1. To the nearest 10 Å², what's Asp399's accessible area with a 1.4 Å probe?
2. With a point put 7 Å past each Cα toward its Cβ, work out how far Arg106 is from Leu196 in nm, to one decimal.
3. Which value results when the Cα radius of gyration for the range 329-430 is divided by 2.2 N^0.38 Å?
4. Under a point spin-label approximation (7 Å from Cα along Cα-to-Cβ), what is the Ala17-Phe278 distance to one decimal in nm?
5. Quick check on the range 366-408: what are the equivalent-ellipsoid semi-axes from the Cα gyration tensor, as sqrt(5λ), descending, whole Å?
6. What share of Cα pairs, in percent, lie more than 13 angstrom apart in the range 170-210?
7. Strictly greater than 15 Å: what percent of every Cα pair in the range 23-69 meets that?
8. What is the spin-label model distance, in nm, from Ser330 to Ala35 if the labels are put 7 Å beyond Cα along the C-beta direction?
Amino acid sequence: MTTSFDAESSSPGPSRAGFVDDLIGVVGADNVLSAPEVTGSYLVDWTGRFRAGPAVVVRPATTEETAAVVRVCSIHGVAVCPQGGNTGLVGGSVPLDGGLVVSTRRLRRLDAVDVAAGRLTAGAGVTLGDLHRHAIAAGMAYGVDLGARDSATIGGTVATNAGGNNVIRYGMTRDNLVGIEVVLADGSVIRDLAGLEKDNTGYDLAGLFCGSEGTLGIITAVTVRLHRPFPEMVTGLLAFDSVATATAAVRSLTAAYLPLEAIELMLGPGFELIRSTFDLPSVFGRGHAAYLLVDCADATPVTERLASAVGDLDGLEDAAVADDGPRRSSLWRYRELHTEAVAGIGPPLKLDVSVPVGDVGRFVEQTIDDVEASHPEARVWIWGHAGDGNVHVNITGLDAASEEPCAASILDLVISLDGSVSAEHGIGRLKKDWLLRQRGPVDVRVFRAIKTALDPEGIFQPGVLLPDAP
Ligand code: FAD
Ligand code: 2HG
Ligand code: ZN
């Protein structure tokens, strides 16, 4: 059983003074934060929806310090919330159910790139952006990328099995993870960073911790797979007359043997919101119903191949193509600024779902129709990674009482289409009531058995991922 811990609280709790002293003994006073003005940003999640009460933040700089911090927490029965960049979108990154934050941002080991093996070992606190830059400087590239790259940590992306923009080519984070180092609940450490291509010696522990959202241990370092970047890259922004033609085009583009890296969906209202919020140019002179942003990359030029595949698409009204870095980034801004633009309206109801790729159009149209009919006061913003069936549904303007029924009707539709209620952001606190329905009782029983085996006292992440016991 763990105890909530607030350094400012007057309640003594389990040897309160001794607890803080023990933490200071491990990481030094500068790295045990308790004043509200310095802990504030660690205690509210990126969406602003999840706000923890006062809590201590500890910032270990090495694996050994992290293990010692966990041992102190275990002895004092204090819950642990591992936190990286705090960009998670499902409420798992802040200690809402008590305990302290163990921030991984000082775990910044960044080894030399192993070009021959295509491997890179990095501390959990290295940002995804820094990891990309380090790989590129050595002539290599990492396959996972997402809009929060300059804040999200590699440890956080592993803990959430993040997806992002390039899953159609490189897979999810788990597909790019070849080694892991994790501090367990008793302070012992799994060290498996060699990153061998072939190693069939027992259970896949890296795969298990990937996507565990901090509930099984603190990831302190990882080894990831790198590839040689392709010299020829082109981005196409395609404008369509309807959601139906845009989503049908996803299938045509996939069938055209293009070297695709991304196929992203945007809708007219979201595109216009970004234009007006960030004062961006219109690209086409007028708005369109739906857009696809398509990236191709290869060893030989790809622009002509993309142009010829695009020429046959039904419902295509216009297209813009960019084949140099700055112009490609300009087109990507329309896609990547969606989360920030919608957050500017107010915390949305945020659903991150996947459906079979062929059902994306039907799902998007039905979701818009249903929400508009049942909640005329609300606005639906939809975008996503259309190439892998991942749709981000954000709804603004709902009153608090309408959120749950509105989410339930959309998630019911997802399940009826054999989709997933969480495509890439994880379960956190937001989706934990849906886990049993999505995965079934046998899977959830196995999840609980794994949790109990690795964390018998339940010190990691109370209230996250696993549904409350019946
Ligand atoms: P945090 O937010 O700090 O933590 C997330 C979860 O992981 C928490 O449960 C936490 O306890 C746990 N955790 C963090 N670090 C560790 C660790 N070292 N050991 C154990 N547990 C840990 N996600 C996608 O999948 N695809 C996207 O395209 C995408 N785009 C995004 C765009 C924006 C603008 C934002 C704000 C978020 C986006 N995300 C996306 C959400 C995504 O989950 C995070 O950006 C990222 O994976 C989380 O990394 P983080 O370091 O911020 O983790
Ligand atoms: C994206 O792909 C992210 O833009 C965030 O996964 C999605 O904010 C969202 O709902
Ligand atoms: Zn996404």
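The values are calculated or read from the model by the stated rules, or taken from the named source; none is laboratory data. A quick note: this is a predicted structure, and the numbers were derived from the prediction, not measured. Neighbour counts are summed over all protein chains in view; Cβ atoms, including those assigned to glycine, are modelled from backbone coordinates with ideal geometry. Side chains included, ligands, DNA and RNA excluded: accessible areas come from the protein's heavy atoms. Shrake-Rupley method; radii C 1.70, N 1.55, O 1.52, S 1.80 Å.
1. For Asp399, the solvent-accessible surface is approximately 80 Å².
2. If labels sit at Arg106 and Leu196, their model points lie 3.5 nm apart.
3. Working: Rg = 13.2 Å, N = 102, 2.2 N^0.38 = 12.8 Å.
Dividing the Cα radius of gyration by 2.2 N^0.38 Å gives 1.04.
4. 5.3 nm
5. Numbers: eigenvalues 84, 21, 16 Å².
Taking √(5λ) for each eigenvalue gives 20, 10, 9 Å, largest first.
6. Values: 467 of 820 pairs.
Result: 57 percent of Cα pairs exceed 13 Å.
7. Values: 522 of 1081 pairs.
Counting pairs separated by more than 15 Å, the tail of P(r) holds 48 percent.
8. Modelled inter-label distance: 4.6 nm.
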